[in-house]
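What follows is one structure encoded as structure tokens, with my remarks underneath.
The values are calculated or read from the model by the stated rules, or taken from the named source; none is laboratory data. Worth saying up front: this structure is predicted, and the values here are computed from it rather than measured. Backbone-built Cβ (ideal geometry, glycine too); neighbour counts: all protein chains shown. For accessibility, only protein heavy atoms count, side chains too; no ligands or nucleic acids. Shrake-Rupley method; radii C 1.70, N 1.55, O 1.52, S 1.80 Å.
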Amino acid sequence: MLPVRPASPRPPVRRRPTIRSLALLGVALITSVGVLVAVSPSPSTAGAARSLAPVASLASAADPRALTGYQQISGGGEHTCGIKRGGLYCWGRNTWGQVGTGTRGNVVSTPARVGTLSTWTSVAAGGATTCAIRGKKGRLFCWGLNNRGQLGDGTTKVSLKPKAVPGTGWSSVSAGWYHTCGIRGEGRLRCWGDNAYGELGRGHTRQTLSIARVKGTWRSVTVDGWTTCGIRSDKSLWCWGRNMLGQAGAGTWADRHRPALVGRARWNWRQVDLSWTHGCGVRSGGTAWCWGRNDLGGVGDGSTVARNEPVAVLGGATDVRSVSAYEGGACLLRASGRASCWGDNRYGQTGGSADYRVRPRARSGTYTAITSGWLHTCGLGVEVVCWGSNEKEQLARTTTRAVEPSTTGARRGDPLELRIATFNALGEHHSGPYRDADRFGPSRLRAEWMVRAIANQGLNVIAVQEASGSQVGMILRAGDGRLRAFPDPATSKLSTESTLFWDATRFTALKTKVIRTMFIKKKLPRPYVKLQDNATGRKFWVMAIHNAGWDMQRQRNQAMKDQLAVIEELEATGLPVFYLGDFNEKRTAFCKVLRRTGLDAASGGRLKRDGTCVPPRQMRVDWLFGSETGEWSGFAFDKSPMVRLTTDHWLARAFVRVP
């Protein structure tokens, strides 16, 4: 995210500011998830839960560890870096060496100095990569994650210490999770790293480890996720890369492999910033505009409809100095130093008690600059003050949110109504850096997107496959206290490779059990849970499973044999029974279930009187089965954007009513 240095006398921006606008503010420096801008005066950015109010990072103002004396600060994905008196300091998550101390570990809880030099001029913390500019010659260094060549050293090896990027005269740089872009000399823009969606702006999606120039003369650049935006010398705004949520702002939903003009005319832009799924910018008149994903109000236009071109942020402010986008929302900084935020508020990013806000809400405090990470924001004033997610000790305190029971209007004895699904979470053993599916985003953000997919479709009982214990914890945190899970990694040592989630505002678990069935080379626990609808008092059983894939038919046969034996026992209780999960079989699984049990498939199909099995037309390996007394409707295999961001599977979902 951006490096931030206070401007004198008026406040600068957050993450990815333009070179010219920063130059006008002297040596102002601003960065946000991966953007860094160094400007000289010459003409040529553990725990859990939710903080509802700003708190000083790491310590109180009276504590010697308080973040005071910083000239700039940059919020990364889950780490932060800052510069004071020319020395560079980083702290937070250090899984990939992004803190730059020469070691790897979980969390660096207090600022650790990067090297011993005092000649750093700016820093940009990215997803798990950090870049910084040093000295009068403008030398650029990067370190941390490098699975897509985002360090610019021509390799894909992690670097635990700063590593030089070729060339001098670097004036700004922006580092994301997958790729990096920077500007050298007289506006020459260069990008390197991942190019799966054309985010390097070369007109194709071929992968390369080389650093190549993007045509044109540029004032500033910002990257995040799979998208890049930049402001050219004529102040026009251009974006390229992934665009399925409109985050490239070019008026379409198609990916752009070359820079595409943002807006319907060559508006004059002062500054731009990106999150993974939306973007925001400030026009020369001092107004803020946003585009892209908007289901949590992150565009700030009063709606929750995705926008594929810029729309004005509500509030009528015409003195906006900068805007800083976090995933699902954004904050702006006015000339007075006051900040306002909108969008996702599940971690207290906007303040107040609402889950999200579709228009700006003023925050307390006065700041000279503002910077955002994935799920938190920091303002630079007398000291650094932060709000939002506190998982990696960003806020130095842990708070939790109480869950209120849902008021659905249902009464005792009413029919049981469920929105039920099975959702393969794509495990970290597939999706982590250097793994076979590391084209997907980091697990922490995929948990956010998964929960949004669940919420957007009103699902309340979900079988989840492949999630590690840490992933289950992330999903529960993203659920903001509304979800429960079994097995729960916080309370159980059982494997979470197959987990059942349910809406804690509607249901209470009366019994939680597991059956161990064969999966590849060993038996793993598969949960089955007796739930009660709090409003109606109706009780039901749900089993969540994951069976072996590929050519492992013998393992699948044994697993289903054992699982169906338990299903028959549960049916004998007289309660409704649901059997959900990734079966890794199509017709074969369907026929086994219908021939041996009294369950039907949500997607249709039937057994004829002569025993002939007639499966539904549309089949995948993920199935929803339930007692034949249930009335199914609305079945679909869903691949909406939040699902596509989360997994390589389809989400199977349906509504069921049991009289």
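All but one of (1) hydroxyl-bearing (Ser, Thr, Tyr); (2) in a loop (DSSP other than H, G, I, E, B); (3) buried (at least 23 other Cβ atoms within 10 Å of the Cβ) hold for Ser174; which doesn't?
(2)
For (1) open to solvent by less than 20 Å² (accessible area, probe 1.4 Å); (2) more than 28 Å from Arg452 (Cβ to Cβ); (3) hydroxyl-bearing (Ser, Thr, Tyr), each residue gets a yes or a no:
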{"residue": "Glu585", "(1), (2), (3)": "yes, yes, no"}
{"residue": "Gly598", "(1), (2), (3)": "no, yes, no"}
{"residue": "Gly604", "(1), (2), (3)": "no, yes, no"}
{"residue": "Trp623", "(1), (2), (3)": "yes, no, no"}
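Just the residues that are open to solvent by 10 Å² or more (accessible area, probe 1.4 Å), at pLDDT 95 or above and among the acidic types (Asp, Glu), please, taken from the stretch 528-570.
Answer for the stretch 528-570, where residues must be open to solvent by 10 Å² or more (accessible area, probe 1.4 Å), at pLDDT 95 or above and among the acidic types (Asp, Glu): Asp562, Glu568, Glu569.
Scan the stretch 526-535 and tell me whether some residue there is among the aliphatic types (A, V, I, L, M) and farther than 18 Å from Phe423 by Cα. Step through it out loud before you land on a result.
Step one: list which residues in the stretch 526-535 are among the aliphatic types (A, V, I, L, M), which gives 529, 531, 535.
From what is left, the residues that are farther than 18 Å from Phe423 by Cα are 531, 535.
Yes, because at least one residue in the stretch 526-535 is among the aliphatic types (A, V, I, L, M) and farther than 18 Å from Phe423 by Cα.
Which residue out of Lys157, Lys137, Lys163 is within 25 Å of the chain's Cα centre (by Cα) and open to solvent by 10 Å² or more (accessible area, probe 1.4 Å)? Give the steps one after another, and end with the answer.
Values: Lys137 fails: within 25 Å of the chain's Cα centre (by Cα); Lys163 fails: within 25 Å of the chain's Cα centre (by Cα).
Of Lys157, Lys137, Lys163, the one residue that is within 25 Å of the chain's Cα centre (by Cα) and open to solvent by 10 Å² or more (accessible area, probe 1.4 Å) is Lys157.
I'm trying to understand the selection: among the residues of the stretch 246-269, which are of a type outside the set (A, V, I, L, M), under 20 Å from Arg219 (Cα atoms) and part of a strand (DSSP E or B)?
Result: Arg258, Pro259, Trp269.
Which strands (runs of 3 or more DSSP E) does the stretch 439-552 wholly contain that include 3 or more residues that are within 18 Å of Gln563 (Cα to Cα) and in contact with a strand residue (DSSP E or B) (Cβ under 6 Å, 6 or more places away or on another chain)? Spell out the reasoning first.
On the way: elements: 461-465, 483-486, 498-503, 507-519, 522-533, 539-546.
Counting at least 3 such residues, we get 461-465, 498-503, 507-519, 522-533, 539-546.
Filter the stretch 201-218 down to the residues that are surrounded by 15 or more Cβ atoms within 10 Å (Cβ to Cβ) and under 19 Å from Ile231 (Cβ atoms) and list them by number.
Result: Gly201, Val214, Gly216, Trp218.
Give the stretch 348-357 a look and list any residue that's surrounded by 20 or more Cβ atoms within 10 Å (Cβ to Cβ) and over 16 Å from Gly379 (Cα atoms), or say none.
Answer for the stretch 348-357, where residues must be surrounded by 20 or more Cβ atoms within 10 Å (Cβ to Cβ) and over 16 Å from Gly379 (Cα atoms): just Arg357.
Please give the number of the condition Thr304 fails out of (1) farther than 21 Å from Leu151 by Cα; (2) among the hydroxyl-bearing types (Ser, Thr, Tyr); (3) in contact with a Cys (Cβ under 6 Å, 6 or more places away or on another chain).
Every condition holds for Thr304 apart from (3).
Might you let me know whether the stretch 244-267 holds any residue that is touching a helix residue (DSSP H, G or I) at 6+ places or on another chain (Cβ under 6 Å), among the hydrophobic types (A, V, I, L, M, F, W, C), closer than 24 Å to Asn456 by Cα and open to solvent by 10 Å² or more (accessible area, probe 1.4 Å)? Spell out the reasoning first.
We begin by selecting, within the stretch 244-267, every residue touching a helix residue (DSSP H, G or I) at 6+ places or on another chain (Cβ under 6 Å); these are 244-245.
Among the residues that remain, those that are also among the hydrophobic types (A, V, I, L, M, F, W, C) are: 244-245.
Checking which are closer than 24 Å to Asn456 by Cα leaves us with 244-245.
With the extra rule that they be open to solvent by 10 Å² or more (accessible area, probe 1.4 Å), the set shrinks to 244-245.
Yes: one or more hits.
Checking Pro525 against (1) under 30 Å from Tyr356 (Cβ atoms); (2) open to solvent by less than 20 Å² (accessible area, probe 1.4 Å), which test does it fail?
The number of the failed condition is (1).
Quick one: in the stretch 314-326, which of the residues that are under 15 Å from Val272 (Cα atoms) and not β-branched (Val, Ile, Thr) is surrounded by the fewest Cβ atoms within 10 Å (Cβ to Cβ)?
So in the stretch 314-326, the residues under 15 Å from Val272 (Cα atoms) come out as 320-326.
Of the ones still in play, those that are also not β-branched (Val, Ile, Thr) are 321-322, 324-326.
Details: Arg321: 29, Ser322: 37, Ser324: 38, Ala325: 33, Tyr326: 32.
Once the filter is applied, the top-ranked residue is Arg321.
Could you identify the single residue in Thr399, Thr408 that is in a loop (DSSP other than H, G, I, E, B), closer than 21 Å to Gly92 by Cβ, among the polar types (S, T, N, Q) and at pLDDT below 95? Full working, then the answer.
Numbers: Thr408 fails: closer than 21 Å to Gly92 by Cβ.
Only one candidate qualifies: Thr399.
Would it be correct to say that Cys341 is in contact with a strand residue (DSSP E or B) (Cβ under 8 Å, 6 or more places away or on another chain) and either surrounded by fewer than 20 Cβ atoms within 10 Å (Cβ to Cβ) or over 21 Å from Val223 (Cβ atoms) (or both)? Quick ask: steps written out before the conclusion?
Details: in contact with a strand residue (DSSP E or B) (Cβ under 8 Å, 6 or more places away or on another chain): yes; either surrounded by fewer than 20 Cβ atoms within 10 Å (Cβ to Cβ) or over 21 Å from Val223 (Cβ atoms) (or both): yes.
So Cys341 fits the description; yes.
Per-residue answers, yes or no, for (1) open to solvent by 30 Å² or more (accessible area, probe 1.4 Å); (2) charged (D, E, K, R); (3) in contact with a Lys or Arg (Cβ under 8 Å, 6 or more places away or on another chain):
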residue: Phe440; (1), (2), (3): no, no, yes
residue: Glu448; (1), (2), (3): no, yes, no
residue: Ala463; (1), (2), (3): no, no, no
residue: Leu510; (1), (2), (3): yes, no, yes
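Condition test on Gly149, is it in contact with a Gly (Cβ under 8 Å, 6 or more places away or on another chain), among the small types (Gly, Ala, Ser), closer than 20 Å to Thr119 by Cβ and modelled with pLDDT of 95 or more? Even if it seems obvious, please write down each step before you answer.
On the way: in contact with a Gly (Cβ under 8 Å, 6 or more places away or on another chain): yes; among the small types (Gly, Ala, Ser): yes; closer than 20 Å to Thr119 by Cβ: no; modelled with pLDDT of 95 or more: yes.
Taking the combined requirement at face value, the residue does not satisfy it.
Name the residues in the stretch 411-424 that are outside any strand (DSSP E or B) and more than 17 Å from Pro576 (Cβ to Cβ), would you?
Our first condition is that a residue be outside any strand (DSSP E or B); within the stretch 411-424, this holds for 411-415.
Selection gives Arg411 alone.
So which residues in the stretch 137-165 are part of a strand (DSSP E or B) and at positive phi, if there are any at all? Steps first, answer last, please.
So in the stretch 137-165, the residues part of a strand (DSSP E or B) come out as 139-144, 159-165.
Gly144 - this is the single residue of the stretch 137-165 that is part of a strand (DSSP E or B) and at positive phi.
For Leu494, are the conditions met, namely being under 29 Å from the mean Cα position of the chain (by Cα), hydrophobic (A, V, I, L, M, F, W, C) and open to solvent by 40 Å² or more (accessible area, probe 1.4 Å)? Break it down into steps so the answer makes sense when it comes.
Numbers: under 29 Å from the mean Cα position of the chain (by Cα): yes; hydrophobic (A, V, I, L, M, F, W, C): yes; open to solvent by 40 Å² or more (accessible area, probe 1.4 Å): yes.
Against the criterion (under 29 Å from the mean Cα position of the chain (by Cα), hydrophobic (A, V, I, L, M, F, W, C) and open to solvent by 40 Å² or more (accessible area, probe 1.4 Å)), Leu494 qualifies.
For residues that are of a type in the set (S, T, N, Q) and in contact with a Gly (Cβ under 6 Å, 6 or more places away or on another chain), tally how many sit in the stretch 272-295. Full working, then the answer.
We begin by selecting, within the stretch 272-295, every residue of a type in the set (S, T, N, Q); these are 275, 277, 284, 287, 294.
Still in the running and in contact with a Gly (Cβ under 6 Å, 6 or more places away or on another chain): 277.
Residues in the stretch 272-295 being of a type in the set (S, T, N, Q) and in contact with a Gly (Cβ under 6 Å, 6 or more places away or on another chain): 1 in total.
It is to be established whether one or more residues within the stretch 425-438 are within 18 Å of Tyr579 (Cβ to Cβ) and among the hydroxyl-bearing types (Ser, Thr, Tyr).
Applying the first criterion (within 18 Å of Tyr579 (Cβ to Cβ)) to the stretch 425-438 yields none.
Scanning the stretch 425-438 turns up no residue that is within 18 Å of Tyr579 (Cβ to Cβ) and among the hydroxyl-bearing types (Ser, Thr, Tyr).
Looking only at the stretch 453-491, filter to residues that are charged (D, E, K, R) and either under 22 Å from Ser640 (Cα atoms) or within 18 Å of the chain's Cα centre (by Cα) (or both); which one of those is modelled with the lowest pLDDT? I'd like the intermediate steps shown before the answer.
Just the residues of the stretch 453-491 that are charged (D, E, K, R), to begin with: 466, 477, 480, 482, 484, 488.
When the remaining residues are screened for being either under 22 Å from Ser640 (Cα atoms) or within 18 Å of the chain's Cα centre (by Cα) (or both), the result is 466, 477, 480.
On the way: Glu466: 96, Arg477: 93, Asp480: 87.
Top of the filtered list is Asp480.
How many of the residues in the stretch 78-97 are open to solvent by less than 20 Å² (accessible area, probe 1.4 Å), of a type in the set (Val, Ile, Thr) and out of contact with any Gly (no Cβ under 6 Å at 6 or more places or on another chain)?
Residues in the stretch 78-97 being open to solvent by less than 20 Å² (accessible area, probe 1.4 Å), of a type in the set (Val, Ile, Thr) and out of contact with any Gly (no Cβ under 6 Å at 6 or more places or on another chain): 1 in total.
Sort out which residues of the stretch 270-313 are open to solvent by 30 Å² or more (accessible area, probe 1.4 Å), of a type in the set (Gly, Ala, Ser) and in a strand (DSSP E or B), and write them in order of number.
Selection gives Ala312 alone.
When only residues in the stretch 219-241 that are under 22 Å from Thr130 (Cα atoms) and charged (D, E, K, R) count, which is most open to solvent (accessible area, probe 1.4 Å)?
So the residue we want is Arg219.
Those residues that are outside any strand (DSSP E or B) and either under 12 Å from His79 (Cβ atoms) or in contact with a Gly (Cβ under 7 Å, 6 or more places away or on another chain) (or both), I need them from the stretch 104-136; list them, please.
Kept after step one, since they are outside any strand (DSSP E or B), are these residues of the stretch 104-136: 104, 114-119, 126-128, 135-136.
Hits for the stretch 104-136 are Arg104, Val114, Ser118, Thr119, Gly126, Gly127, Ala128.
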